[in-house]
Amino acid sequence: SDAICNFVICNDSSLRSQPIIFNPDFFVEKLRHEKPEVFTELVVSNITRLIDLPGAELAQLMGEEDPKLPGANTTASGFFRSLMSLKRKEKGVVFGSPLTEEGIAQVSQLIEYLHKNLRAEGLFRVPGNSIRQQILKDALNSGTDIDLDSGEFHSNDVATLLKMFLGELPEPLLTHKHFHAHLKIADLTLFDEKGNKTSTPDKERQIEALQLLFLILPAPNRSLLKLLLDLLYQTAKRQDKNKMSAHNLALMFAPHILWPRNVTANDLQENITKLNNGVTFMIKHSQKLFKAPVYIRECARLHYLGSRAHTSKDDLDLLTSTSSKELQPLKSQKRSRLDTCHQEETQQRTEEALKELFRHVHNMPDSAKKKKLIRQFNKHPTALTPGSDVPTSPAPRRTRSRSFSGLIKRKVLGTPVILERKSRDATPEPERVSKENVHLLQKCGSPAHMSQAKLKSLEGQKEESCRRMRARLLSKDSSSL
């Protein structure tokens, strides 16, 4: 199921309704096969982000140096070490040979059979019959077809033979290069609020690190590891029948898939607990460990479809953060632009309203109210004034208004009655109205708002007052003469 998907264009209408299988790791597998160096650099850069690997251990993980393993510097002694070394010298087609696709195909028969017989109590712990195991081993090495369902073999025979196959591999299934990395993954723990390291395992980071580490396993090792961990996961799910928990299974398989070859328990010392717990964790979370992390998928996809490939999760996080976080400055900029446009539009409307108001005031007849409004405009220099935008013509020069009686006296007597002031201002004063007119204006309002009847009555009153004044002056002049 993890193999690269083949896309076939089918014109048969009867097959179009079939579900389409899509492998989300398609570009990951494509990058692994076509550009292994780029793929390895991509994965290892993310592994070093999660676990601390010194230079020597990193070089061992990359295959640049031979792995330095526990017990490698000690003299090879002890019965166990000698026995295991002798067993591996007897190489067969399948057992004792480096892992190949042919060997996996033969061993997969054992795994398939055990999936059907998971209820056997003590599975993988209770040894099988040695004679039947040898017969089965020879058959697998020769490549002959085996009918495991015939009843000739017991499930314990098959389970013991599977462990034997793993134990006789030249190196553990998880390889010697990865040994130190697995020790570091077992040390990944959570941090408290103050940033201090706790004893609680950080499961998310451990899963992520194992996903990355499994990606750079050799293809045969990864294929067999997936088959094996899936079998152990299903076995642990039926521990109520077979009495084999994930931890019990880890004790059986850790020496075969993770421990370095030709070492004893004394060589590993305190690392035994870490290794056993690590295998227990793999069994419990086996359904998640063979999926490439999302950022690796995205980096592989961008390598083929995008303009550039990102080398680590931090780069991808930066990309996703720019796609998400950069939206916030863009949104804020857009919001500020909208606010600025709104303010400019509001200011423009205000200015237009001020212009219209000033035009209305400017076109009003001269009056005290107009003067008052103009003074209010002048008090606010920031407000729009006629000089800034509205072209206005200067007010016409007008003579000082006088009363009707003064005009009549000047006409008759030929001498001015009211002397001009010596300290007269250079600017012309607006036309003044008499007290009677002011009184009438206060009653009636400004002339612009008077009705036609009021204007006629006002003119009539003015004429009547003029006649009375004229008669009064003529009577005075005649008496003086």
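The values are calculated or read from the model by the stated rules, or taken from the named source; none is laboratory data. Predicted, not measured: the structure shown is a model, and the values here were computed from it. Neighbour counts are summed over all protein chains in view; Cβ atoms, including those assigned to glycine, are modelled from backbone coordinates with ideal geometry. In case anyone asks, the SASA skips ligands and DNA or RNA and just uses the protein heavy atoms, side chains included. Shrake-Rupley method; radii C 1.70, N 1.55, O 1.52, S 1.80 Å.
Structure notes:
- The range 175-308, dipole about Cα centre (Lys/Arg Cβ +1, Asp/Glu Cβ -1), debye to the nearest 20: 460 debye
- Relative contact order of the range 175-308, defined on C-alpha pairs under 8 angstrom at six or more residues apart (%): 30 percent
- Structural descriptor for the range 92-170: relative contact order 50 percent, calculated from alpha carbon pairs under 8 angstrom and at least 6 residues apart.
- For R472 and E356, the FRET efficiency from 1/(1 + (r/R0)^6), where r spans their Cβ atoms and R0 equals 45 Å, is about 0.40.
- For the range 266-277, backbone phi angles converted through the Karplus equation (6.51, -1.76, 1.60; θ = phi - 60°) give residue-by-residue couplings of 5, 5, 7, 6, 6, 7, 4, 4, 4, 5, 5, 5 Hz, Gly and Pro being listed as x.
- Placing +1 on the Cβ of every Lys and Arg and -1 on the Cβ of every Asp and Glu, with nothing else charged, gives the range 92-170 a dipole about its Cα centre of roughly 360 debye.
- Net charge, K184 excluded, C-beta distance under 10 Å - Lys, Arg +1, Asp, Glu -1: -2
- The simple Förster model, with R0 at 56 Å and r as the Cβ-Cβ distance, assigns A56 and D145 a FRET efficiency of 0.75.
- Positive contributions from Lys and Arg (+1) and negative ones from Asp and Glu (-1), summed over other residues with Cβ under 13 Å from the Cβ of T280, come out at +3.
- Signed unit charges on C-beta, dipole axis of the range 175-308, positive-most listed residue P260, L302, H176: L302
- Taking all protein chains as they are arranged and a probe of 1.4 Å, the heavy atoms of M469 leave approximately 60 Å² accessible to solvent.
- Simple spin-label estimate for Q461 and Q287 in nanometres, 7 Å along Cα-Cβ: 10.2 nm
- Packing here is the average count of other Cβ atoms within 10 Å per residue, and on that basis the peptides 159-169, 145-155, highest first, run 159-169, 145-155.
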